[in-house]
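Let me begin by presenting the structure, written as structure tokens, before commenting on it.
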Amino acid sequence: MKRLVLVLLCIMLTGCQAITFSVDGLLSAPKVADEQSAIYEALFESAGRGITLEYPRSGDYRSAFVLYDIDGDREEETLAFYSVNSVSESNVKISVLDSGEDGRWRSTYEVAGAGSSVDKIMFSGRDLIVGYSSQDYEDNAVRIYRYSEGMLEPIYEDTYSVLEKADLDGCGTEETLVVKRSGGGIAVDLLKPSESEVYSHYFTEIPLGAGTIAGFGFSELNGVKALYLDFALESYGILTEIIYLDDGIVAAMSQSGLLYQTQRPTGYLSRDYDGDGLIEIPLPQPFTGYELSPFGEAEYMTVFCSFDPEQMLLVPKSNAYLSLGESYCFNIPNRWMNMVTVARDASTGETTFYKYDPSLGGAENMTPLISFASAESSAASAYESAGYTKIAETDFRTYYVNIIAGSDEPMVLTMDEIRDNFHIIE
Ligand SMILES: [Ca+2]
Ligand SMILES: [Ca+2]
Ligand SMILES: [Ca+2]
């Protein structure tokens, strides 16, 4: 019991800061380099020289050697990730290396992991969380290990598609999120650390049909963080679910019956489109004049929606023309609503907005206002000689606008208005 109290004290006092080391940083630090080669040697001594170091592919820890105080004695141990060069044994191994009173590093424990490579490493308190991936399985595997009596004991295991940490209840400590595909949908297991060193589990299952997780992100909702999950249905399109903690775990879209209102073509992922730090759900609808067009032949106006957790409603925030192909977004000014439509010319690459009056017949019902075009940066000049002005550029593309209508046309926009409403999607 005394030991447990000391451990907890240590976690509270030091926050157990972790350091990873890389070869780059060490070349200029000979003392640390000596330490590193001592750690290498200790690993070779125990595991042999026929090993390959395994580097985590994502997350904050990207080294095959991670220094962390896993036993709470205020000295860092080293966790080494590697695989043995062998045809029969493909699983990653973890060795715990500790330096004794004499300062010598020794391997003190070794455990086989649950996959052929390391996806990511995280810590929760002094627990080690390892995400594994394997060539043979689509789903990743997670293990949470607790160091106890010299051994890394797995205290939690599951599969996952998303493995993340975030402070979802604003308590100041991060929870661990395990999101996995399960039967006809997804399951979310949220692990909240407690002082008794036992995790509180918040679990929910969302029936979504067959499919895969297409994307995710965290955004503020009600003053705390919420997880936005895009789910690609095998049948058609994507759906968004919003997960957060409010007493219990909330799957807001399912619980409010809004889930299928978020169904839309693949590619329209939830993300921060307008740069305000909050995630929007983009819901495309046919642009004025395309209401009766067959699916796939229409042009779309995208309604960016946010979620109001008080009223459990999707709230339209702004309307935009979203070009996923050219990675830009143009906010539609209010005075254009229901008065303007858009057409693309595939041969020239121009996207033109027209004042549109369906009550007028023939060609007179469409008056061109402005056109957008973009080009790979090297092939830029053709649009400029055709009357276009450069409005934005990235490393890959240059964006142009051409103001066609004269300033006497009330629907036309000024260059300032266009710049204010034009955003590149990174
Ligand atoms: Ca230690
Ligand atoms: Ca928390
Ligand atoms: Ca936003």
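The values are calculated or read from the model by the stated rules, or taken from the named source; none is laboratory data. The shown structure was predicted, so the numbers you read here are calculated from the model rather than taken from an experiment. Neighbour counts are summed over all protein chains in view; Cβ atoms, including those assigned to glycine, are modelled from backbone coordinates with ideal geometry.
Would you mention how many residues in the stretch 403-420 are crowded, with 17+ Cβ neighbours inside 10 Å and in contact (Cβ under 8 Å) with a residue 40 or more places away in the chain? I'd like the intermediate steps shown before the answer.
First, pick out the residues of the stretch 403-420 that are crowded, with 17+ Cβ neighbours inside 10 Å: 403, 405, 411-413, 418.
Narrowing further to those that are in contact (Cβ under 8 Å) with a residue 40 or more places away in the chain: 405, 411-413, 418.
Residues that pass the stated criteria total 5.
What are the residues in the stretch 275-298 that are in a loop (DSSP other than H, G, I, E, B), more than 16 Å from ligand 3 (Cβ to nearest atom) and surrounded by 15 or more Cβ atoms within 10 Å (Cβ to Cβ), if any?
So in the stretch 275-298, the residues in a loop (DSSP other than H, G, I, E, B) come out as 275-279, 287-298.
Narrowing the set further to residues that are more than 16 Å from ligand 3 (Cβ to nearest atom) leaves 287-298.
Passing the criteria: Phe287, Thr288, Gly289, Tyr290, Ala298.
Do any strands (runs of 3 or more DSSP E) entirely within the stretch 314-375 hold 3 or more residues that are free of Cβ contacts under 8 Å to residues at least 60 places away in the same chain, and if so, which?
Details: elements: 328-331, 340-345, 350-356.
In the stretch 314-375, the matching strands (runs of 3 or more DSSP E) lie at 340-345, 350-356.
Of the residues Glu138, Glu153, which single one is surrounded by fewer than 14 Cβ atoms within 10 Å (Cβ to Cβ), away from ligand 3 (no atom under 16 Å from the Cβ) and at pLDDT below 95?
Working: Glu153 fails: at pLDDT below 95.
Matching residue, one of Glu138, Glu153: Glu138.
I'd like the residue in the stretch 44-82 that is at positive phi and more than 30 Å from the chain's Cα centre (by Cα) and, out of all such residues, is farthest from ligand 2 (Cβ to nearest atom). Even if it seems obvious, please write down each step before you answer.
Start the filter on the stretch 44-82 by keeping residues that are at positive phi, which leaves 48, 59, 72, 74.
Narrowing further to those that are more than 30 Å from the chain's Cα centre (by Cα): 48, 72, 74.
Numbers: Gly48: 42, Gly72: 21, Arg74: 25 Å.
Applying the filter and picking the extreme gives Gly48.
Give me the residue from the stretch 42-68 that is within 29 Å of Tyr137 (Cβ to Cβ) and acidic (Asp, Glu) and, out of that set, surrounded by the most Cβ atoms within 10 Å (Cβ to Cβ). Before the answer, list the steps.
Step one: list which residues in the stretch 42-68 are within 29 Å of Tyr137 (Cβ to Cβ), which gives 43, 46-48, 50-66, 68.
Going one step further and asking which of them are acidic (Asp, Glu), we end up with 54, 60.
On the way: Glu54: 20, Asp60: 12.
Ranking the candidates gives Glu54 first.
Report yes if Thr302 is more than 16 Å from ligand 3 (Cβ to nearest atom) and under 24 Å from Glu417 (Cβ atoms), otherwise no.
Values: more than 16 Å from ligand 3 (Cβ to nearest atom): no; under 24 Å from Glu417 (Cβ atoms): yes.
It is false that Thr302 is more than 16 Å from ligand 3 (Cβ to nearest atom) and under 24 Å from Glu417 (Cβ atoms).
Tell me which residues, restricted to the stretch 263-272, are closer than 17 Å to Leu314 by Cβ and either more than 6 Å from ligand 3 (Cβ to nearest atom) or touching a Lys or Arg at 6+ places or on another chain (Cβ under 8 Å) (or both).
Initially, the stretch 263-272 is screened for residues closer than 17 Å to Leu314 by Cβ, giving 263-264, 268-272.
Correct list: Gln263, Arg264, Tyr268, Leu269, Ser270, Arg271.
Keeping to the stretch 315-351, report how many residues are more than 27 Å from the chain's Cα centre (by Cα) and polar (S, T, N, Q).
From the stretch 315-351, those more than 27 Å from the chain's Cα centre (by Cα) are 332-351; that's our starting set.
Subset that is polar (S, T, N, Q): 334, 338, 341, 347-348, 351.
So the count comes out to 6.
Just a yes or no: is a residue in the stretch 304-321 under 14 Å from Pro265 (Cβ atoms) and surrounded by 18 or more Cβ atoms within 10 Å (Cβ to Cβ)?
Step one: filter the stretch 304-321 for residues under 14 Å from Pro265 (Cβ atoms), giving none.
Scanning the stretch 304-321 turns up no residue that is under 14 Å from Pro265 (Cβ atoms) and surrounded by 18 or more Cβ atoms within 10 Å (Cβ to Cβ).
From the list Ile94, Ile39, exactly one residue is among the β-branched types (Val, Ile, Thr), away from ligand 1 (no atom under 14 Å from the Cβ) and closer than 23 Å to Tyr156 by Cα. Which is it? Talk me through it step by step, then tell me what you get.
Details: Ile39 fails: closer than 23 Å to Tyr156 by Cα.
Going through Ile94, Ile39 in turn, just one is among the β-branched types (Val, Ile, Thr), away from ligand 1 (no atom under 14 Å from the Cβ) and closer than 23 Å to Tyr156 by Cα: Ile94.
Which one of Lys225, Lys192 is within 16 Å of ligand 3 (Cβ to nearest atom) and under 30 Å from Ile70 (Cβ atoms)?
Selected residue: Lys225, the only one of Lys225, Lys192 that is within 16 Å of ligand 3 (Cβ to nearest atom) and under 30 Å from Ile70 (Cβ atoms).
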